[in-house]
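Encoded as structure tokens, the structure appears first; notes follow it.
The values are calculated or read from the model by the stated rules, or taken from the named source; none is laboratory data. The shown structure was predicted, so the numbers you read here are calculated from the model rather than taken from an experiment. Cβ coordinates were reconstructed from backbone atoms using ideal geometry, including for glycine residues, and neighbour counts include every protein chain displayed. Accessible surface areas use protein heavy atoms only, side chains included; no ligands, DNA or RNA. Shrake-Rupley method; radii C 1.70, N 1.55, O 1.52, S 1.80 Å.
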Amino acid sequence: MKGKERKLSPAELKRKEAYERLCQEMEQAGYRKRELTVGLLAANTLSLLLSLPFAIAITVIYFLVNPQGSFQLSSLWWLVFFPVFFLLTAVHEFIHGLTWSRFCSRGFGSIAFGVIWKALTPYCSCSEPLTKGQYILGGAMPTLVLGLVLSAAAIALARPFLLVLAVTMVLAGGGDMLIIAKLLCYRPEGREALYYDHPYECGLTAFER
């Protein structure tokens, strides 16, 4: 979804101005800009296709390890699930920011959090250019931490509630998988490349020279 197709929040407008200044500075330094963004509708569809196989694999492993395990959920399951889900969603974005902040000169001062309310999409944005490895690590870390840890706990303890949370967190990381896949498929023409988290769209911007 392009910025002109929706009304940007005051925080997004401020980051948009900073982004435009950065683009000018990078251009003056000899960098060429290449936007690697995805529309929100396409992102939601493709992210599901990327993450679903992992969610299925986790579920299959769970039942292979626990063939006699019960999958019954209590009547209070929904009352507990949604608060925990929203809490883990916030933790997911925090892990993005925490990881990226370790590579930023201003630490958490370069990290911003928010929600695109029209699409009910929370986000974390980093306002400093990163190397390829740094960007990928920050993008993948929430799914690695929440998805794998919850999956391991669900399988080891035979807890269906933890399995549902694990699968949900893996599916929630599909958007990150999509952006990482787009970055991995990108082949910069220059010898040097930096990657900047797009301040108001789904994706990033590559600067190369």
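A few comments on the model shown:
- Restricting the GluC sites (Glu not before Pro) of the stretch 137-209 to loop positions (DSSP other than H, G, I, E, B) with no more than 10 neighbouring Cβ atoms within 10 Å leaves E189.
- Total formal charge among the other residues, if their Cβ is under 13 angstrom from that of C185, Lys/Arg +1 and Asp/Glu -1: +4
- Over the chain: helical MRE at 222 nm, DSSP H runs n ≥ 4 each giving -39500 (n - 2.57), nearest 500: -18500 deg cm²/dmol
- Kyte-Doolittle at least -0.5, axis length at least 30 Å by Cα - qualifying DSSP helices, the chain: 40-65, 77-101
- Within the accessible area of the chain, the carbon and sulfur atoms contribute 66%, probe 1.4 Å, all protein chains present.
- In terms of distances greater than 21 angstrom between alpha carbons, the cross-link table entries K33/K132; K14/K132; K7/K33 yield K14/K132; K7/K33.
- All-pairs Cα distance distribution in the stretch 106-167, expressed in whole percent, bin size 5 Å: 4, 15, 16, 16, 17, 15, 10, 5, 1
- Principal semi-axes in Å for the stretch 108-209 [√(5λ), Cα gyration tensor, largest first]: 29, 16, 11
- Distribution of pairwise C-alpha distances over the stretch 33-161, 10 Å bins, in %: 10, 31, 36, 17, 5, 0
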